[in-house]
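First comes the structure, then the notes that go with it.
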Amino acid sequence: MESGYSRVAVIDFGGQYAHLIARRLRELGVYSELVPAAARGDALEAVDRYDAVVLSGGPQSVWEAGHDDIALKALSSGKPVLGICYGHQLLGKVAGGLVSRSPYPEFGPTEVEILEPGDPLFRGMPQRFTVWMSHNDAVLEPPRGWRVLARSRGSPVAAMRLGPAVGVQWHPEVSHSEYGFELLGNWLDSWGAVRGWRPEGLIDVLAEYVRREVGEGVAVAAVSGGIDSTVAALIARRALGERLKPVFIDHGLHPSGEVERVTRLLASVGLDPIVVDASHEFLGALRGVVDPEEKRRIVGKIYGEILLREAKRLGATALVQGTIYPDVIESGARPGADTIKTHHNVGGLPDLGLKIVEPLRYLYKDEVRRIARQLGVPEEIIKKQPVPGPGLAVRVEGEVTLEKLAVARMADRIVREEIEAAGLGEALWQYFAVLTASKATGVKGDARSYGYVVAVRAVHSVDAMTARPARLPWELLERIAHRITSEVPGVVRVVYDITSKPPATIEWE
Ligand code: XMP
């Protein structure tokens, strides 16, 4: 065991909540990492490298998946093992119990009854409580020698133990399970886990990961001035020193003043970027294109080409990206997830022939924020609202032209200025203007005019997975509408978007 904290591997069998297990364990003060079961060698090796092993849930049946060797190795290691759902059934199967289809498959809230209240797993818990289940199969009879600790209607062996190995059929990692967090904490305490790990410790672990992935080579980091790419680049800088080259590609689709602000902020944390002005290339490639996904693909493609050109020029072999966990899910990079939008920092980048290094891939935004503060990233970057990779290309509906970009920039600047002057900027997740593809009639002076409709979007959100429209003061909205229609040529109407996500997305395209 390393000094100061224990390390727990979560072997990921593809369960929806596997990442949550690792996250909860980190919150409980041990270091925990996901190890995909599909990388069989890594998973087997993890049993040796870590102090304890969690076998996660998974979508398959233990009879079809063929992960027995991992569970057997975990059991024979004598180390603490916790099987959850699929992991629990896998322990049941390899140790010789009866695992089969449950007479009552359980989905959702389910009552469990504790049969061995003296087991350390259940310290401080009542005899019955409600947990989150999601399974067809169940352990129907325990393997020989294992004690049955709990049961439910559909799971005669809802929890079981043999020495340092335990299995639970339910998902203690999800917030719908009562006493879930306590159960994981009790499990750690039951084997004397050292709970001294703090998120800040992650910086060294992640830097070590980057060092290992990049080896002796040079890496480029595509920086945007957003928190994710800044933190990823800073970690890589720590790992690689000057062998890390931050590159900022100016695609000409940034909001007003963004390029100057971003380069200044990055320089202030020691990441003075190489700025590549490529606006002509992007605008040329976007000419005549109206389909949103096509626009994203084109921006992603050109972005990749330019990055590759820079990487070659700099002699780089690896690309450091600030992909975080929600990006991975929304881009459908996990099996079974749908592609919602092609985020160009994940799915949209063509294969560049560079090694992709993503130190933040398993982290949530709030974890990245904590690390950012620890690394001394200025609040202006930490609190900066996200700008989509394709920038204003997805905030100008339809074809992107220089003229429309200018209109969108001016309108957007007014929205920002007014919301910030009202002191509301910090309370909002994002606020911006969209140049819609609609045209409408207006009257300016004495003449009728026919011009653009600008939509204003301002939302509250915690993680961008869901969002609700902000209830901006009416006077503020009227002031924004008045300024945009009088100061931005060609705009005759301003509307406010009051749709939540879902069903809408935050961006319009
Ligand atoms: P949506 O519009 O899908 O956006 O609700 C969720 C969050 O992601 C941002 N976004 C992007 N970020 N590349 C990015 O890096 C993209 O292509 C992209 N599209 C949307 C959006 O601003 C919001 O914060």
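What are the pairs, 6+ residues apart or on separate chains, where a residue within segment 385-399 that is on the phi > 0 side of the Ramachandran plot and open to solvent by less than 10 Å² (accessible area, probe 1.4 Å) has its Cβ under 9 Å from a residue that is small (Gly, Ala, Ser) and more than 9 Å from the ligand (Cβ to nearest atom)?
Listed pairs, sorted by first residue: 391/252.
Scan segment 319-334 and give yes if some residue there is surrounded by 21 or more Cβ atoms within 10 Å (Cβ to Cβ), at pLDDT 90 or above and more than 16 Å from the ligand (Cβ to nearest atom), otherwise no.
no
So that you can scan it fast, the table gives a plain yes or no per residue for (1) touching a strand residue (DSSP E or B) at 6+ places or on another chain (Cβ under 6 Å); (2) in a strand (DSSP E or B); (3) more than 16 Å from the ligand (Cβ to nearest atom):
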position: 441; (1), (2), (3): yes, yes, yes
position: 451; (1), (2), (3): yes, yes, yes
position: 454; (1), (2), (3): yes, yes, yes
position: 459; (1), (2), (3): yes, yes, no
position: 484; (1), (2), (3): yes, no, yes
position: 489; (1), (2), (3): no, no, yes
position: 495; (1), (2), (3): yes, yes, yes
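Of all the strands (runs of 3 or more DSSP E) wholly in segment 141-250, which have at least 2 residues that are within 30 Å of residue 356 (Cβ to Cβ) and at pLDDT 95 or above?
Working: elements: 147-151, 159-162, 165-168, 218-222, 244-250.
Where strands (runs of 3 or more DSSP E) fall fully within segment 141-250 and carry at least 2 residues being within 30 Å of residue 356 (Cβ to Cβ) and at pLDDT 95 or above, they are 218-222, 244-250.
For residue 445, work out the one condition from (1) away from the ligand (no atom under 12 Å from the Cβ); (2) small (Gly, Ala, Ser); (3) on the phi < 0 side of the Ramachandran plot it doesn't fulfil.
Failing condition for residue 445: (3).
Identify all residues within segment 285-321 that are outside any helix (DSSP H, G or I) and without any contact (Cβ under 8 Å) to a residue 24 or more places away in the chain; write none if there are none.
Hit for segment 285-321 is 291, nothing else.
Inspect all residues belonging to segment 71-88 and state whether any of them is loosely packed, with under 15 Cβ neighbours inside 10 Å and farther than 19 Å from residue 184 by Cβ. Spell out the reasoning first.
Filtering segment 71-88 down to residues loosely packed, with under 15 Cβ neighbours inside 10 Å leaves 76, 78.
After this cut, where a residue has to be farther than 19 Å from residue 184 by Cβ as well, the list is 76, 78.
Checked against the condition, which is being loosely packed, with under 15 Cβ neighbours inside 10 Å and farther than 19 Å from residue 184 by Cβ, segment 71-88 yields at least one hit.
State all residues of segment 251-284 that are surrounded by fewer than 13 Cβ atoms within 10 Å (Cβ to Cβ) and in a helix (DSSP H, G or I); if no residue qualifies, say none.
Scanning segment 251-284 gives 260, 264, 267, 280, 284.
Only one of these conditions is not met by residue 508: (1) within 13 Å of the ligand (Cβ to nearest atom); (2) free of Cβ contacts under 8 Å to residues at least 24 places away in the same chain; (3) in contact with a helix residue (DSSP H, G or I) (Cβ under 9 Å, 6 or more places away or on another chain). Which number is it?
(2)
Counting just the residues of segment 42-63 that are in a loop (DSSP other than H, G, I, E, B), within 23 Å of residue 185 (Cα to Cα) and of a type in the set (Gly, Ala, Ser), which one comes out most open to solvent (accessible area, probe 1.4 Å)?
Step one: of segment 42-63, the residues in a loop (DSSP other than H, G, I, E, B) are 50-51, 56-61.
Checking which are within 23 Å of residue 185 (Cα to Cα) leaves us with 50-51, 56-58.
When the remaining residues are screened for being of a type in the set (Gly, Ala, Ser), the result is 56-58.
Values: 56: 0, 57: 5, 58: 23 Å².
My answer is 58.
Do you know which residues across segment 89-128 are open to solvent by 20 Å² or more (accessible area, probe 1.4 Å), in a helix (DSSP H, G or I) and within 17 Å of residue 150 (Cβ to Cβ)?
The answer is 120, and nothing else.
Hey, residue 412 hits all of (1) in a helix (DSSP H, G or I); (2) open to solvent by less than 10 Å² (accessible area, probe 1.4 Å); (3) more than 25 Å from residue 227 (Cβ to Cβ) but one; which does it fall short on?
All conditions are met except number (3).
Determine whether residue 420 is away from the ligand (no atom under 16 Å from the Cβ), open to solvent by 60 Å² or more (accessible area, probe 1.4 Å) and either under 36 Å from the mean Cα position of the chain (by Cα) or within 15 Å of residue 397 (Cα to Cα) (or both). Outline the logic, then answer.
On the way: away from the ligand (no atom under 16 Å from the Cβ): yes; open to solvent by 60 Å² or more (accessible area, probe 1.4 Å): yes; either under 36 Å from the mean Cα position of the chain (by Cα) or within 15 Å of residue 397 (Cα to Cα) (or both): yes.
Yes.
Tally up the residues in segment 376-409 that are away from the ligand (no atom under 11 Å from the Cβ), more than 20 Å from the chain's Cα centre (by Cα) and assigned to a loop (DSSP other than H, G, I, E, B), please.
Counting residues in segment 376-409 that are away from the ligand (no atom under 11 Å from the Cβ), more than 20 Å from the chain's Cα centre (by Cα) and assigned to a loop (DSSP other than H, G, I, E, B) gives 7.
Condition check: over 30 Å from residue 106 (Cα atoms) and either open to solvent by less than 30 Å² (accessible area, probe 1.4 Å) or in the same structural domain as residue 300 (by TED's automatic domain parsing) (or both). Does residue 167 satisfy that? Talk me through it step by step, then tell me what you get.
Working: over 30 Å from residue 106 (Cα atoms): no; either open to solvent by less than 30 Å² (accessible area, probe 1.4 Å) or in the same structural domain as residue 300 (by TED's automatic domain parsing) (or both): yes.
When the stated conditions are applied, residue 167 does not pass them.
Give segment 287-313 a look and list any residue that's more than 16 Å from the ligand (Cβ to nearest atom) and open to solvent by 40 Å² or more (accessible area, probe 1.4 Å), or say none. Show your work before the answer.
First, pick out the residues of segment 287-313 that are more than 16 Å from the ligand (Cβ to nearest atom): 287-288, 290, 305-306, 308-313.
Residues satisfying the conditions are 287, 288, 290, 305, 308, 309, 312, 313.
The values are calculated or read from the model by the stated rules, or taken from the named source; none is laboratory data. Values in this document were obtained by computation on a predicted structure and should not be read as measured data. Every residue, glycine among them, receives a Cβ derived from its backbone with ideal geometry; neighbour counts consider all protein chains shown. Note: areas computed on protein heavy atoms with side chains; ligands, DNA, RNA excluded. Shrake-Rupley method; radii C 1.70, N 1.55, O 1.52, S 1.80 Å.
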